[in-house]
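Here's the structure we're looking at; comments come further down.
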Amino acid sequence: LQMPDGWEVFDIDAITPGLPSDDDLRLMFQVLLEEGFKLQYRWEKHELPLYDLTVARKGPKLKTGDPNRKRPPSRRSAEPEPGVSRLAGSGSIEYLTEALSARLETPVRNLTGLTGGWYDFDVPFARDLTVTTAAADLVTAVEEELGLKLKRSKGPVRVLIVERVERPTEN
């Protein structure tokens, strides 16, 4: 991992009591950064590029899932072809939106009108269209597989502004 000039990397070892939820872990990590690194920050809304997720013309093709199942369904019968990735999981439409945001490295705004519900999804897509023709790009694959459309747009995005951070002292 190559870091930009002036950046430092820190390894943080921490032990949590019991089995905290993801939300509890986020809060614990936030407190650790605020106290250990004297982190001061604020949130602002900025008008930035994003994707709008809407229902495609022919309607959604989402498969209803079971929220009580411990693990998402495994559909990997074989290794994917070189250059092909999968966006797969099981969760709410909000979970799918977050997964798309992570893969696209751009915020995705849910304008589907779909709320609640639990869905299984498995979308093979080409990471690089110069390497494979076995799958479509992610935007096209989402429309073909899930009946949802991703369209480039602009909108308000919550942005973290770091005002101050210090090097931590050794424990």
Original post:
Residues ARG76, ARG69: which one is open to solvent by 70 Å² or more (accessible area, probe 1.4 Å), modelled with pLDDT under 95, under 30 Å from TRP118 (Cα atoms) and in contact with a Lys or Arg (Cβ under 8 Å, 6 or more places away or on another chain)?
Top reply: ARG76
Original post:
Within the range 1-58, can you find the residues that are closer than 30 Å to LYS154 by Cα, open to solvent by 60 Å² or more (accessible area, probe 1.4 Å), assigned to a loop (DSSP other than H, G, I, E, B) and of a type outside the set (D, E, K, R)?
Top reply: MET3, PRO4
**OP:** Filter the range 142-171 down to residues that are assigned to a strand (DSSP E or B) and either surrounded by 14 or more Cβ atoms within 10 Å (Cβ to Cβ) or not hydrophobic (A, V, I, L, M, F, W, C) (or both), then give me how many there are.
**Re:** 13
**OP:** State all residues of the range 17-29 that are over 17 Å from PRO168 (Cβ atoms) and modelled with pLDDT of 90 or more; if no residue qualifies, say none.
**Re:** GLY18, LEU19, PRO20, SER21, ASP23, ASP24, LEU25, ARG26, LEU27
Subject >> Within the range 79-115, tally of residues that are under 23 Å from LEU50 (Cα atoms) and part of a loop (DSSP other than H, G, I, E, B) >> reply: 9
**OP:** Being hydroxyl-bearing (Ser, Thr, Tyr), closer than 17 Å to GLY147 by Cα and surrounded by fewer than 16 Cβ atoms within 10 Å (Cβ to Cβ) is the filter here, so list the residues in the range 90-130 that pass it.
**Re:** TYR95, THR115
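The values are calculated or read from the model by the stated rules, or taken from the named source; none is laboratory data. All values reported here derive from a predicted model rather than from experimental measurement. Cβ sites come from the backbone with ideal geometry, for glycine too, and all protein chains shown count toward neighbours. The protein model used for the area step is the full one, side chains on, heavy atoms only, and it has no ligands, DNA or RNA in it. Shrake-Rupley method; radii C 1.70, N 1.55, O 1.52, S 1.80 Å.
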